[in-house]
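Only the coordinates and a few stated rules stand behind these numbers; no lab work does. Everything quoted here is computed from the prediction, not taken from an experiment. When we count neighbours, we look across all protein chains shown, and the Cβ atoms used for this are built from the backbone with ideal geometry, even at glycine.
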Amino acid sequence: MMKTALVTGANKGIGLEIAKELCEKGFNVFLAARNPHLGSEAASYLVRQKYLCTFVPMDVADSASIREAFRFVSSKIQHLDVLVNNAGILLDHSQSILTTPESLILTTLQTNAVGALLVAQTFLPLMQRGGRIINVSSSGGQISRGASTFAPAYCISKTTMNAITLQLASELAPQGIAVNAMCPGWVQTEMGGAGAQRTVQQGADTAVWLATEAPQALTGKFLQDRKEIVW
Ligand SMILES: NC(=O)c1ccc[n+]([C@@H]2O[C@H](COP(=O)([O-])OP(=O)(O)OC[C@H]3O[C@@H](n4cnc5c(N)ncnc54)[C@H](OP(=O)(O)O)[C@@H]3O)[C@@H](O)[C@H]2O)c1
């Protein structure tokens, strides 16, 4: 049976590359994006390459939109093999934690952490033994990195995403569903900005590996370049 995947925030950047590589590996890919125009353009780009790819409107910061996306996807497929929670925002490069506005903190947590959890909760009924959830996190969320003042809301949201990863992994282990977090490194995307060294292919590699070739028993871990890193 053809494998299926859902990738959030996949209209550009690392998400689009993950969607493309899963298409190349023979997956039926649901490419989710919040902007209908950009999302359908991205899916059309993959369909023109003869891949099986369907655009799904989904704003991960809006639970009604996530539920609507689930209704759409579950009307098309019976099972989901892979969920990649990739959508993310970084709006506080130059903020100090002492003055970060409440609205920015809440929007960032809602999008990067709570959104990923709600997408997982919502799509789990489509997932079975052998399923894989990949959370695209960041080394910015590593507690063990020690003191940092970089992008406080973003980094806290990724620490929260890592905690969500561990909870989901424990809860879903008996069902044989693997849940891992990964860091793509500093990647040449709109978010990565000037100075980023890594290509989107390098950024996507570990997520695609976790979605396909990684041992199914690998769960509850944080990885970069296919190797475990500390939380
Ligand atoms: N680039 C890096 O150096 C780097 C490093 C560490 C981790 N990461 C992580 O990698 C992931 C992808 O980042 P990227 O570098 O590819 O960034 P990007 O090019 O800015 O792409 C981010 C994607 O997330 C989408 N998104 C944002 N908010 C959303 C929402 N509420 N609902 C649905 N989609 C939403 C964006 O959609 P729009 O186009 O509509 O904005 C876009 O498709 C993120 O989780 C990021 O934190 C990136």
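Using the Cα gyration tensor of the range 4-229, with a ≥ b ≥ c the square roots of its eigenvalues, what is the shape: rounded (a/c below 1.5), prolate (a/b larger than b/c) or oblate (neither)? Provide the component values of the computation, followed by the final result.
On the way: a/c = 1.42, a/b = 1.29, b/c = 1.10.
Rounded.
A straight chain from GLU190 to ALA64 at 0.36 nm per residue would run longer than the Cα-Cα distance by 42.7 nm.
Taken as Cα centroids, the range 32-106 and the range 116-136 sit 14 Å apart, rounded to the nearest whole angstrom.
Calculate for the chain the 222 nm mean residue ellipticity that helices alone would give, adding -39,500 (n - 2.57) per DSSP H run of length 4 or more and normalising by residue count, nearest 500 deg cm²/dmol. Provide the component values of the computation, followed by the final result.
Numbers: 7 runs with 90 residues, N = 231.
Here the helix-only value at 222 nm equals -12500 deg cm²/dmol.
What's the local net charge at GLU190, with K and R +1, D and E -1, over the other residues with C-beta under 15 Å away? Local net charge: +2.
Along the chain, the longest continuous region that contains none of the GluC sites (Glu not before Pro) in a DSSP loop with at most 13 other C-beta atoms within 10 Å is 1-189. Counting neighbouring Cβ atoms within 10 Å and putting the fewest first, the residues ILE14, ILE89, ILE177 line up as ILE89, ILE177, ILE14.
The slack between GLN197 and LYS227, meaning 0.36 nm per residue of separation minus the straight C-alpha distance, is 8.9 nm. Overall, the anisotropy analysis places the range 1-99 in the prolate class: the square-rooted eigenvalues a ≥ b ≥ c of its C-alpha gyration tensor yield a/c not less than 1.5, with a/b exceeding b/c. The Cα center of the range 181-231 and the Cα center of the range 1-25 differ in position by 14 Å. GNM on the chain, alpha-carbon springs under 10 angstrom: the most fluctuating residue among ASN35, ASN180, ASN112 is ASN35. Other residues whose C-beta falls under 9 angstrom from the C-beta of GLN201 contribute a net charge of -2, scoring Lys and Arg +1 and Asp and Glu -1. With both residues required to sit in the chain, DSSP beta bridges show an antiparallel share near 10%.
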